[in-house]
Amino acid sequence: MLSIQNLHAQYGPIPILKNCSLHIERGEIVTLIGANGAGKSTLLSTISGLLRPSSGSIQLEGSEIGGLSPSKIVSLGICQVPEGREIFSPLTVKENLELGAFLRRGKDQKKKVQEDMDYVLQLFPRLKERFTQPAGTLSGGEQQMLAIGRAIMARPKLLLLDEPSLGLAPKLVNVILETIKELNKEGLTILLVEQNARKALEIAHRGYVIETGRIVLQGTSSELKEDPEVKRAYLGKD
Ligand code: ATP
C-alpha cells in the first residue's frame, strides 16, 4: 500500500531522515521503534505532507504522494493522529468528530458519515457519554480516543499513529492498543509509532528500528522481539 524509497527530509538546513526505505502492505500493523529524537515523528509528518521530502519517493498504491499538500494526502486516504492529540478544546466531542469527516462532502456521504460516527461511538463508549461536552474537559485518555475517532471519521486507508499511549495510565494503554488491533481486524492498515516497544511489538505484524534518522533494522515482530540489540536498547529487562 505504501512504499517509501531512499527518503531524505530536513528541518531547514538540518538533515533528519537519511535514506529511509520501508513498505507497508494492506492489512498490516507496522511499528516504528526508536529513541527520543530518532526521527519517528518526522517520518510520519513527511508521509502526511506536513514536511516536504528533500529527496526520495513516497508512493501510495503506486502513485507518488511525496510533496503533496496535507489535505490532498488526507483525501487520498492517509490520516495522522499526531503526538499530543491536537483536538479542538472549545469544540464538543461531536463537533471534533464531524471535523474529521470534513473532506467527505456530497450527498451520498451523509449516511456513511453517520454510520462511521456510530461506529466510533461503539468503539469508544466514553465518547458517547461525553458527546456534547467541550473536548478540553476530557481526560487524557478520552482525548486520545477522540483523536483516533476523529481520524477514523476521515475513512482513511492508512492510519498513522504517533505515540497513542503517551502519558496514559497502564489500563488505558491497553484499551487504546486493543482498539488499534480491532481497527486493524476491520481492515485498516496502520503505521504505529510507540515509545512502548514491547506493547507495540505485541500488536504489530512487522517493525522497523530507526536510529538518528536511519532505518537500521527491520523484521517481523517475533524476529525483533528476539533480536539481542532490540532487547537491549528498547525492551529492557524481561
Ligand atoms: P520523540 O519520541 O521525542 O518525538 P522522534 O523519534 O519522533 O522522537 P522527531 O520528533 O522526529 O523524533 O525529531 C527528530 C529530530 O528532529 C530531533 O533531533 C528533533 O530535535 C528535530 N526536530 C523535530 N522537529 C523539529 C522542528 N520543527 N524544527 C527543527 N528540528 C526539529
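The values are calculated or read from the model by the stated rules, or taken from the named source; none is laboratory data. Quick caveat, the model's predicted, so the values are computed rather than measured. Don't worry about glycine lacking a Cβ; one is built from the backbone with ideal geometry, like all the others, and counts go over all protein chains shown. Keep in mind that these areas ignore ligands, DNA and RNA; they rest on the heavy atoms of the full protein, side chains included. Shrake-Rupley method; radii C 1.70, N 1.55, O 1.52, S 1.80 Å.
Would it be correct to say that LEU17 is part of a loop (DSSP other than H, G, I, E, B) and either open to solvent by less than 20 Å² (accessible area, probe 1.4 Å) or in contact (Cβ under 8 Å) with a residue 40 or more places away in the chain (or both)? Spelling it out, it is not the case that LEU17 is part of a loop (DSSP other than H, G, I, E, B) and either open to solvent by less than 20 Å² (accessible area, probe 1.4 Å) or in contact (Cβ under 8 Å) with a residue 40 or more places away in the chain (or both).
Screening GLU229 on (1) in contact (Cβ under 8 Å) with a residue 40 or more places away in the chain; (2) open to solvent by 70 Å² or more (accessible area, probe 1.4 Å); (3) part of a helix (DSSP H, G or I) shows it passes everything except condition (1). When the stretch 31-40 is filtered for residues that are within 11 Å of LEU160 (Cβ to Cβ) and more than 6 Å from the ligand (Cβ to nearest atom), only LEU32 remains. Here GLN218, GLN195, GLN144 are screened, and the one residue that is within 16 Å of the chain's Cα centre (by Cα) and farther than 21 Å from VAL93 by Cβ is GLN195.
Could we say that LEU43 is away from the ligand (no atom under 16 Å from the Cβ), aliphatic (A, V, I, L, M) and either touching a residue at least 24 places away in the same chain (Cβ under 8 Å) or open to solvent by 20 Å² or more (accessible area, probe 1.4 Å) (or both) here? Taking the combined requirement at face value, the residue does not satisfy it. Among the residues of the stretch 52-59, none qualifies, meaning not one is assigned to a helix (DSSP H, G or I) and of a type in the set (D, E, K, R).
Being surrounded by fewer than 20 Cβ atoms within 10 Å (Cβ to Cβ) and not charged (D, E, K, R) is the filter; apply it to the stretch 52-64 and report the residue that is nearest to the ligand (Cβ to nearest atom). Step by step, filter the stretch 52-64, then rank; the result is SER54.
Scanning the stretch 74-92 for residues that are touching a strand residue (DSSP E or B) at 6+ places or on another chain (Cβ under 8 Å) and either open to solvent by less than 70 Å² (accessible area, probe 1.4 Å) or at pLDDT 95 or above (or both) returns LEU76, GLY77, ILE78, CYS79, GLN80, VAL81, PRO82, SER89, LEU91, THR92. For the stretch 153-186, filtering for residues that are in contact (Cβ under 8 Å) with a residue 60 or more places away in the chain, at negative phi and either among the hydrophobic types (A, V, I, L, M, F, W, C) or assigned to a loop (DSSP other than H, G, I, E, B) (or both) leaves 11. The set of residues from the stretch 20-40 being assigned to a strand (DSSP E or B) and in contact (Cβ under 8 Å) with a residue 40 or more places away in the chain comprises CYS20, SER21, LEU22, ILE24, ILE29, VAL30, THR31, LEU32, ILE33.
Output yes when any residue across the stretch 187-198 is assigned to a helix (DSSP H, G or I), in the same structural domain as ALA101 (by the TED database) and over 19 Å from GLU86 (Cβ atoms), and no when none is.
Checked the stretch 187-198: no residue is assigned to a helix (DSSP H, G or I), in the same structural domain as ALA101 (by the TED database) and over 19 Å from GLU86 (Cβ atoms).
Of all positions in the stretch 25-37, none carries a residue that is farther than 21 Å from VAL193 by Cα and buried (at least 16 other Cβ atoms within 10 Å of the Cβ).
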